[in-house]
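*Asks:* Handing you a structure now.
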């Protein structure tokens with residue numbers, strides 16, 4: 001665990017691995033442990049940077065200055081402090097919005113761009129579900145109840161049919177919510193609501209992969225279609241998963257993303273084998 005003051009905000013960051021740099025940016029209200037299933041595979045091939053966004057995990061939650069643009073500057077400043085000039089950027093949900101803004105603000109700093117379960121603006125479903133979640137938290141609803149209500153929105157029906165996995169992700173998210181700054185969640189949500197880059201998608205110059213969950217109820221596949229249609233030469237990978245596809249189908253997700261990044265670099269496509277990636281630490285490593 002390393003703390004860096006980037007763009008005036010203290011951020012928690014974890015670094016590992018060697019190779020071409022990759023920056024993983026988390027979804028709304030989530031800390032860096034939600035990338036636990038990616039750390040091993042990615043860290044064997046790349047210099048990996050995972051961090052808690054402002055308002056999440058162990059990072060600061062400033063009282064003002066919230067926008068997707070500011071969060072993108074957080075990432076650029078973090079890269080500066082770590083000594084990384086250019087990185088592949090992988091964003092999940094809100095993290096995909098931040099990644100898009102990075103590619104628009106500082107195109108020379110982004111190598112390959114991966115947008116997972118993301119969109120060019122907040123969806124109707126996100127507005128309703130995240131708004132209700134924020135109100136539930138403010139009303140004092142306990143973490144376990146919040147987790148149980150959110151899980152059906154985040155994971156596919158087939159995944160939740162498995163009792164063991166369903167209870168596992170409910171407990172994991174409840175654990176995460178106990179450490180959540182709900183002020184930070186609300187500020188991230190407000191930033192999402194003000195973000196809309198649909199008209200600017202043709203400006204994206206980075207090689208782009210859009211990863212979509214076919215059963216994503218929060219960010220429907222049509223959002224991925226909009227990204228692919230708007231971003232020049234963007235490619236798409238569809239997984240049979242819900243919003244949290246990097247947790248539901250980690251091997252398929254890792255293979256799709258790492259294969260794409262290898263092609264961007266002109267390197268051989270890695271073979272990750274048939275086994276499920278083992279989570280590295282955090283609540284998903286329990």
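The values are calculated or read from the model by the stated rules, or taken from the named source; none is laboratory data. Since the structure is predicted, the reported quantities are computational estimates derived from the model, not experimental observations. Ideal geometry is used to build each Cβ from the backbone, glycine not excepted, and the neighbour counts take in all protein chains shown.
This table checks each residue for (1) exposed (fewer than 14 other Cβ atoms within 10 Å of the Cβ); (2) part of a loop (DSSP other than H, G, I, E, B); (3) modelled with pLDDT of 95 or more.
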{"residue": "200", "(1), (2), (3)": "no, no, yes"}
{"residue": "212", "(1), (2), (3)": "no, no, yes"}
{"residue": "224", "(1), (2), (3)": "no, no, yes"}
{"residue": "242", "(1), (2), (3)": "no, yes, yes"}
{"residue": "276", "(1), (2), (3)": "yes, yes, no"}
{"residue": "279", "(1), (2), (3)": "no, yes, no"}
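*Asks:* Looking for something surrounded by fewer than 24 Cβ atoms within 10 Å (Cβ to Cβ), in contact (Cβ under 8 Å) with a residue 24 or more places away in the chain and within 29 Å of residue 273 (Cα to Cα) - is there at least one such residue anywhere in segment 2-12?
*Replies:* no
*Asks:* Answer yes or no: is there a residue in segment 91-106 that is out of contact with any helix residue (DSSP H, G or I) (no Cβ under 9 Å at 6 or more places or on another chain) and over 23 Å from residue 248 (Cβ atoms).
*Replies:* no
*Asks:* Right, another one. Name the single residue that is farthest from the chain's Cα centre (by Cα) among those in segment 13-23 being touching a residue at least 40 places away in the same chain (Cβ under 8 Å) and more than 16 Å from residue 116 (Cβ to Cβ).
*Replies:* Only one residue tops the list, namely 20.
*Asks:* Could you grab the pairs with beta carbons closer than 8 Å, sequence gap of 6+ or different chains, first residue in segment 24-44 and at positive phi, second one modelled with pLDDT of 95 or more and part of a helix (DSSP H, G or I)?
*Replies:* 29/188
*Asks:* Kindly list, by first and then second residue, each pair from a residue in segment 249-261 that is within 16 Å of residue 34 (Cβ to Cβ) to a residue that is surrounded by fewer than 21 Cβ atoms within 10 Å (Cβ to Cβ), limited to pairs with Cβ atoms under 8 Å and residues at least 6 apart or on different chains.
*Replies:* Note: pairs meeting the criteria are 249/240; 250/276; 250/277; 254/272; 254/277.
*Asks:* Of 54, 73, which residue is crowded, with 23+ Cβ neighbours inside 10 Å, in contact (Cβ under 8 Å) with a residue 24 or more places away in the chain and more than 28 Å from residue 239 (Cβ to Cβ)?
*Replies:* Checking each option against the conditions leaves just 54.
*Asks:* Those residues that are surrounded by 14 or more Cβ atoms within 10 Å (Cβ to Cβ) and out of contact with any helix residue (DSSP H, G or I) (no Cβ under 7 Å at 6 or more places or on another chain), I need them from segment 153-178; list them, please.
*Replies:* 154, 168, 171
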